[in-house]
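Structure first, then comments.
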Amino acid sequence: MLCPGRASVRSGRPSRCPDPEPRARPSHEFGHLLGLADEYGLPGSAAEVPASADLSPQETAASTVKGVEGKPKPFQPGGYQEPGLMGGKFGEPSDVKARHHIPTLDWYNANVKPKDEADYSVKRTA
């Protein structure tokens, strides 16, 4: 289990920190397998992402508040935390948001969808 504030994973041994949302943790980690980035510690805009991060424009957008919410926020030490499966605070709901479906839909459009059909997309709602 990955403990908040620690950089190590404990495997096969009792954890020294309780996991306040044990049911959400596997879903969060599975989200990474689907290509979802963590949504905590996010910079307010792409201008805060250093070139040394070597991210594509799409990865940069997905890694910022502007990419998640559609509008930038000012610099904040420590970054921002988005609600939902890939961010959120311990003890808060870890809902799957519409944006979390985008990598799966992109893969489906590129690999499975019949060529004569229009691409599927996620409609953002306010």
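What follows is calculated from the coordinates using simple rules that are stated; it is not laboratory data. Quick caveat: nothing in here was measured; it's all calculated off a predicted structure. Cβ atoms come from the backbone with ideal geometry, glycine included; neighbour counts cover every protein chain shown.
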* **HN-Hα J in Hz across region 38-47 - Karplus 6.51, -1.76, 1.60, θ = phi - 60°, x for Gly and Pro** => 4, 10, 9, x, 7, x, x, 8, 5, 4
* Structure fact -> Surpassing 26 Å at the alpha-carbon level, of the pairs K66/K115; K71/K97; K66/K89; K73/K97; K71/K115, are K66/K115; K71/K115
* Asked: Going by the alpha-carbon gyration tensor, a ≥ b ≥ c the square roots of its eigenvalues, is region 24-94 rounded (a/c under 1.5) or, if a/c is not under 1.5, prolate (a/b greater than b/c) versus oblate?
  -> oblate
* **Net +/- balance of residues flanking L42 in space, Cβ distance below 12 Å, scoring K and R +1, D and E -1** => -3
* **Protection proxy ranking, peptides 101-110, 71-80, average beta carbon neighbours within 10 Å, highest first** => 101-110, 71-80
* Asked: Pulled fully out, how much extra length does the chain show between A51 and K71, if you take 0.36 nm times their separation in residues and subtract their Cα-Cα distance?
  -> 5.1 nm
* Ranked highest first by the average count of other Cβ atoms within 10 Å around their residues, in what order do 39-47, 59-67, 92-100, 26-34 fall? -> 59-67, 39-47, 92-100, 26-34
* Structure fact -> Interchain or sequence-distant (5+) residues whose placed amide H lies within less than 5 Å of the amide H of Y80 are G41, L42
* **Note, ³J(HN,Hα) from phi for region 94-108, Karplus 6.51, -1.76, 1.60, rounded to Hz, x at Gly and Pro** => 10, 5, 7, 9, 3, 4, 6, 8, 4, x, 5, 5, 4, 5, 4
* Multiply the residue separation of A61 and D119 by 0.36 nm, subtract the distance between their alpha-carbon atoms, and state the gained length in nm to one decimal. => 18.8 nm
* 10 Å beta-carbon shell around G87, net charge (K/R +1, D/E -1) -> -2
* To do: Evaluate the distance, in nm, between pseudo-label points positioned 7 Å from the Cα of A98 and of S27 along their respective Cα→Cβ axes.
  => 1.9 nm
